[in-house]
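Enquirer: Take this structure first; my questions come after.
The values are calculated or read from the model by the stated rules, or taken from the named source; none is laboratory data. These numbers come from a predicted model, not from an experiment. So basically every Cβ, Gly included, is an ideal-geometry build from the backbone, and we count neighbours across all protein chains shown.
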Amino acid sequence: MGSPEYESKDYVVVIGGMNMDIFGMPNEKVIDRDSNPGVVGMTVGGVGQNIAQNLAHLDVPTYLITVYGNDYNGQVLKESCRQNKILLDYAAEIENQRSSTYMYITDETGDMLVGVNDMEICKQISPSFLKKRLDFINNAKLCLVDANLAKETIDWIGQNVEVPLFGDTVSCAKARHLEGILDKMTTLKPNALEASLLTGIEIRDEETAKEAAQALLDRGVQNVYISLGAKGILCANQWKKLVIHPFTTKIVNANGAGDCGMAAITWSFFDNPNRQLGEVGRIAQAASSIALESSKSVPNITVDKVMAKLESMTVAI
């Protein structure tokens, strides 16, 4: 890891997890406590890595600041990043530790039923670890943080990172890790459950979603995108709130669609920070649709494919 002079801000830094994902997708309705015929596979995943890979596919120079073990899975993770043009110059290989691993099972429609994560190694992404990389982070166009990081680390990022901060809440169990830096965030993308947890406002419909978004805006977030699943995405800032509805998509695998949408929102800011709120929402929905139609956690997304989706969209606002 060198200390060059950073003349260009034409890159994004993602700080977060990288996992080996093991998945099971049954052919028929799941029978509990029994063996279910289906497909079992392994793929590189993790919220930080998924978002970084999507960004790289969207032609954004992307540095993933993460950790991985010197085990077999770690070598596979490193090679995958090389093939997908994710830059690991500021990541670290940790001796004698298991690489992060995530296992999940879907139902017959591709929606996740249960997951188990073994992500102890992510604790190595500490304030002292990041301090050595701070100059590089602060010369990026933006920094994206996933909530798999320890709250202490995320709080440190909020206090020390000076470029626009984007946050992905990851899950209900992790969302609160971001509570201490909401006033530092340019963009936050929770789903309805995570937004309810952060605000104490139960999201039941579009109106309560707007109330939750306003609560997050009142706490300092500049742009809020709340995923409402089949009802769309609520896009909100201090001047405007609107729901961008999805269009008909044949769901193959729902795992990873949120990461793809987050990457698209990030790409939109990287490409043009002044895009209108609704247009960013439409870009996110187009990317999520591409992901839902793919069997992979990270689809073969490109800017051209997103634009083609946008051209085919009819959106009710």
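Enquirer: Does any residue in the stretch 270-292 that is touching a residue at least 12 places away in the same chain (Cβ under 8 Å) and of a type in the set (Lys, Arg) come within less than 8 Å, Cβ to Cβ, of a residue that is surrounded by fewer than 21 Cβ atoms within 10 Å (Cβ to Cβ) and assigned to a helix (DSSP H, G or I) six or more places away or on a different chain, and which pairs are these?
Expert: Hits for this filter: Arg282/Leu310.
Results for (1) under 26 Å from Ser126 (Cα atoms); (2) assigned to a loop (DSSP other than H, G, I, E, B), shown as yes or no for each residue.
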position	(1), (2)
Lys9	yes, yes
Met20	yes, no
Val39	no, no
Val44	yes, no
Tyr63	yes, no
Asn73	yes, no
Asn96	yes, yes
Ser99	yes, yes
Tyr104	no, no
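Enquirer: For the stretch 227-257, which residues satisfy the criterion of being in a strand (DSSP E or B) and polar (S, T, N, Q)?
Expert: Taking the stretch 227-257 first, the residues in a strand (DSSP E or B) are 227, 233-236, 241-244.
Once the filter is applied, which keeps residues that are in a strand (DSSP E or B) and polar (S, T, N, Q), the stretch 227-257 yields only Ser227.
Enquirer: If you don't mind, another one. Going through the stretch 44-92 one residue at a time, which ones are crowded, with 16+ Cβ neighbours inside 10 Å, over 22 Å from Ala140 (Cβ atoms) and of a type in the set (D, E, K, R)?
Expert: Asp71, the sole residue that qualifies.
Enquirer: From the list Ala254, Ala308, Ala236, Ala284, which residue is within 24 Å of Tyr104 (Cα to Cα) and among the hydrophobic types (A, V, I, L, M, F, W, C)? Steps first, answer last, please.
Expert: Values: Ala308 fails: within 24 Å of Tyr104 (Cα to Cα); Ala236 fails: within 24 Å of Tyr104 (Cα to Cα); Ala284 fails: within 24 Å of Tyr104 (Cα to Cα).
None of the other options fit; the residue is Ala254.
Enquirer: Residues that are modelled with pLDDT of 95 or more: which helices (runs of 4 or more DSSP H) entirely in the stretch 109-220 hold 3 or more of them? First the steps, then the outcome.
Expert: Values: elements: 127-131, 134-137, 151-160, 172-175, 192-199, 206-218.
Result: 127-131, 134-137, 151-160, 192-199, 206-218.
Enquirer: If you take the residues in the stretch 262-317 that are in a loop (DSSP other than H, G, I, E, B), β-branched (Val, Ile, Thr) and over 22 Å from Leu242 (Cα atoms), which one is modelled with the lowest pLDDT? Give the derivation first.
Expert: Filtering the stretch 262-317 down to residues in a loop (DSSP other than H, G, I, E, B) leaves 272-276, 293-302, 313-317.
Filter once more, so that each one left must be β-branched (Val, Ile, Thr): 298, 301-302, 314-315, 317.
Narrowing further to those that are over 22 Å from Leu242 (Cα atoms): 298, 301-302.
Working: Val298: 89, Ile301: 95, Thr302: 96.
Across the stretch 262-317, the extreme among qualifying residues is Val298.
Enquirer: Report, ordered by the first and then the second residue, all pairs with beta carbons closer than 6 Å, sequence separation of six or more or different chains, a first member in the stretch 127-145 that is farther than 22 Å from Arg176 by Cα, and a second member that is part of a loop (DSSP other than H, G, I, E, B) and among the acidic types (Asp, Glu).
Expert: Partner pairs satisfying both residue conditions: Asn138/Glu162.
Enquirer: Could you give me the residue pairs with C-beta distances under 6 Å whose first residue belongs to the stretch 6-35 and is farther than 21 Å from Ala92 by Cβ, whose second residue is at pLDDT 95 or above and in a loop (DSSP other than H, G, I, E, B) wherever it lies, and which are 6+ apart or on separate chains?
Expert: Lys9/Lys141; Pro26/Asn36; Asn27/Pro37; Val30/Asn36
Enquirer: Do you know which residues across the stretch 88-104 are over 18 Å from the mean Cα position of the chain (by Cα) and β-branched (Val, Ile, Thr)?
Expert: Scanning the stretch 88-104 gives a single hit, Ile94.
Enquirer: For the stretch 246-290, give me each residue that is surrounded by fewer than 24 Cβ atoms within 10 Å (Cβ to Cβ) and of a type in the set (Asp, Glu).
Expert: Once the filter is applied, which keeps residues that are surrounded by fewer than 24 Cβ atoms within 10 Å (Cβ to Cβ) and of a type in the set (Asp, Glu), the stretch 246-290 yields Asp271, Glu279.
Enquirer: Could you please find all residues in the stretch 158-193 being farther than 19 Å from Val280 by Cβ and among the acidic types (Asp, Glu)?
Expert: Glu162, Glu179, Asp183
Enquirer: Related question: Mind listing whichever residues of the stretch 216-230 are crowded, with 17+ Cβ neighbours inside 10 Å and either in contact with a helix residue (DSSP H, G or I) (Cβ under 7 Å, 6 or more places away or on another chain) or closer than 26 Å to Glu311 by Cβ (or both)?
Expert: Leu216, Val221, Asn223, Val224, Tyr225, Ile226, Ser227, Leu228
Enquirer: Quickly run through the stretch 158-175 and pick out the residues that are buried (at least 24 other Cβ atoms within 10 Å of the Cβ) and over 16 Å from the mean Cα position of the chain (by Cα).
Expert: Answer for the stretch 158-175, where residues must be buried (at least 24 other Cβ atoms within 10 Å of the Cβ) and over 16 Å from the mean Cα position of the chain (by Cα): there is none.
Enquirer: Oh, and also: For residues that are in contact with a Phe, Trp or Tyr (Cβ under 6 Å, 6 or more places away or on another chain) and crowded, with 16+ Cβ neighbours inside 10 Å, scanning just the stretch 94-135, find the one that is nearest to Pro273 (Cα to Cα).
Expert: In the first step, residues of the stretch 94-135 are kept if they are in contact with a Phe, Trp or Tyr (Cβ under 6 Å, 6 or more places away or on another chain); the result is 99, 104, 112, 115, 117, 127, 133.
Next cut, crowded, with 16+ Cβ neighbours inside 10 Å only: 99, 104, 117, 127, 133.
Details: Ser99: 35, Tyr104: 35, Asn117: 35, Pro127: 28, Arg133: 25 Å.
Once the filter is applied, the top-ranked residue is Arg133.
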